[in-house]
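Reviewing the structure listed below.
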Amino acid sequence: MIAGALVLIVAVGAAPVERCTLCHPEERVQFEQSVHRREGIRCASCHGGDPAATTVEGAHRGGFRGSPRRRDVPELCGSCHSDIARMRPYNVPADQLALYRTSGHGQRLARGDERVAVCTDCHGVHEIRAKSDPRSLVFPRNIPSTCGRCHAGPDGPGGDAGSRDPYHDYLGGVHGRAFLEDGNASAPECSGCHGAHGATPPGFGDVDKVCGHCHTTTRSYFLQGPHKAGMDAAGLPECASCHGNHRIERADVDRLNTVCVNCHEPGSDREELGSAMSALYGAASEEIDRAAGLIEKAAGIPLNVEDYRARLEEARTSLVESLPVMHALDVDLVQDRTRRARSIAGEIESEIGGKLEGRAWRRVGLMVFWFYLLLTVAILARSRRRAMREPSR
C-alpha cells in the first residue's frame, strides 16, 4: 500500500524530494527542528539508502544502514564532525570524536559497555538543536538534567551500585543552587568541571587545576601551602577533601573549627592553626557588624551615613578578598590580610561614635540650658506674684 502511494505521488508530478518521511512522519517532524535540516543534511546522510526510490525495497538499497548500533554512533557522527574542512565554516572544533575516545564514556564503550552515553544521548537523535537553543538538551541550563538522566542514582547506567548520586548532590550544592536557582551563569554546570566530549572524572592530582579555572586566587594560595604536597603523597583529592565534590557546601569560616579534625588529631598544632585562622576572620567580621550597627543607629537619628555605608562595603570586600589566603595555612598572612577590613570598620566606629557622643553631650547641655531657663522663669514668676500681693507703700 505504501509503495502504491509512492508511485501515485510520482505519477501526479511530485517534486523529486526525499520520500523517507512518508513512512517516518514522526521523525520528519523532529528533523524539521534540527540544525542538520537547515544545513542540508538529509536522511540518507546518516542512514544511507536511496531517498528518491518509489518503493520501500528500493529505498532500503544502496548502502542502507538503517538505525546505527549504539557502538557505531560516535564514528558515524565523527565522519562529519572530525572533518576539519567541513567544520571550519561553522567554527566548530573537529576534535570531538578524539576527545570522546579519551573520555570515561568513550573508554567504556570501547570495552563493550553500550550503557554509556553516546552522541545521541546528549544531543538527541533527529531533533538536534543548537546549544544556544533553550530547548536543546545541551543548552547550559539543561545540561544538569541531561547528565542526570544517567547520573541520578547509584543504580542508573551512570555508576556502579553503591556509588553516590552526582545529579542530586549537585542540585543540593552551592554550584547547583547558584546556577539553577539564583541564575548565576558564572557558576559551573557538569561540563564546566568534567568537560563535554572528553568528560571524565578529574584525577586526584588534577582537582585543584579544575577548580582553579574559576578559583584562581584560591589555588595560588593552596599551592603555597603544605596541603598540596601532603595530599598528593596521601593520594587525596585536593579541594574535594575539604569541600566535597558535587554537594559542595558554601565556604564558611566556621568550618575551620570542624573540618581540620577530619584528618588531624583534635588538639594538634594543625587543628589549632585552623582555630586561630577562624578567630582572625571572626574578629574582623564582628568588627564589621559593630560598624554596621552604628551606621544604622546614626541613620535613625538621622545623620548622613552614605559615605560610611560605602566604606563599610569596602571593608566587607576586603574581608571576602582575604578568604582565599587561608589555603596557604599561614596565620601571619591571614592576620595581615584581615587587618585592612578591621581597620576600615574601626575607623567607621570611631568617627560615628565621636559624632554620637558629641550629640549626647549637646543634648545634656541643652537639657541643662532649658532647666535653668525654666527655673529662672519660675523664679521671676514667683517674685512677680509676691510683689503683687504686697501692699503698696
Computed label-point distance, nm, for sites GLU272 and SER186 using a 7 Å Cα→Cβ extension: 3.9
Describe numerically, in nm with one decimal, the distance between label points set 7 Å from Cα along Cα→Cβ at ASP83 and at VAL331. 6.7
Formal net charge of residues neighbouring LEU97 (Cβ-Cβ distance under 14 Å; K, R +1; D, E -1): -1
Accessible area of TYR167 in the full protein assembly, 1.4 Å probe (Å², nearest 10): 50
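Assuming a ≥ b ≥ c are the square roots of the Cα gyration tensor eigenvalues, decide whether segment 173-330 counts as rounded (a/c under 1.5), prolate (otherwise, with a/b larger than b/c) or oblate.
Verdict is oblate for segment 173-330.
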Please give me the summed charge of the neighbours of LEU180: other residues whose Cβ is under 12 Å from its Cβ, Lys and Arg +1, Asp and Glu -1. -1
Hey, got the dipole for the chain? About the Cα centre, +1 on K and R Cβ, -1 on D and E Cβ, debye to the nearest 20? 2000
Starting from the Cα of TYR90, step 7 Å along the direction of its Cβ; do the same at ARG385; then give the gap between the two resulting points in nm. 10.3
Could you state the angle between the C-alpha long axis of helix 269-299 and the longest principal axis of the C-alpha atoms of the chain, as a value from 0 to 90 degrees rounded to the nearest 10? 60
Using Cα Rg over 2.2 N^0.38 Å as the read-out, say which of [x] 1.70; [y] 1.23; [z] 1.06 was calculated from these coordinates. [x]
Spatial separation of Cα centroids for segment 187-254 and segment 51-120, in angstrom: 33
Around LEU109, what is the net charge, scoring Lys/Arg as +1 and Asp/Glu as -1 over all other residues with Cβ under 14 Å from its Cβ? +2
Whole number in Å², please: accessible area per residue of segment 70-193, 1.4 Å probe, ligands, DNA and RNA not counted. 56
Anisotropy class of segment 230-279 from Cα gyration tensor, a/c 1.5 cut: oblate
Using helices alone, what [θ] at 222 nm do you get for the chain, with -39,500 (n - 2.57) per DSSP H run of 4 or more residues, divided over all residues and rounded to the nearest 500? -16500 deg cm²/dmol
Segment 173-255 - percent of accessible surface contributed by carbon and sulfur, probe 1.4 Å: 57
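The values are calculated or read from the model by the stated rules, or taken from the named source; none is laboratory data. Remember, it's a predicted structure, so these values are computed and weren't measured experimentally. As a convention, Cβ positions derive from the backbone with ideal geometry for all residues, glycine included, and neighbour counts pool all protein chains shown. We work out accessible area using only protein heavy atoms, side chains counted, and drop any ligands, DNA or RNA first. Shrake-Rupley method; radii C 1.70, N 1.55, O 1.52, S 1.80 Å.
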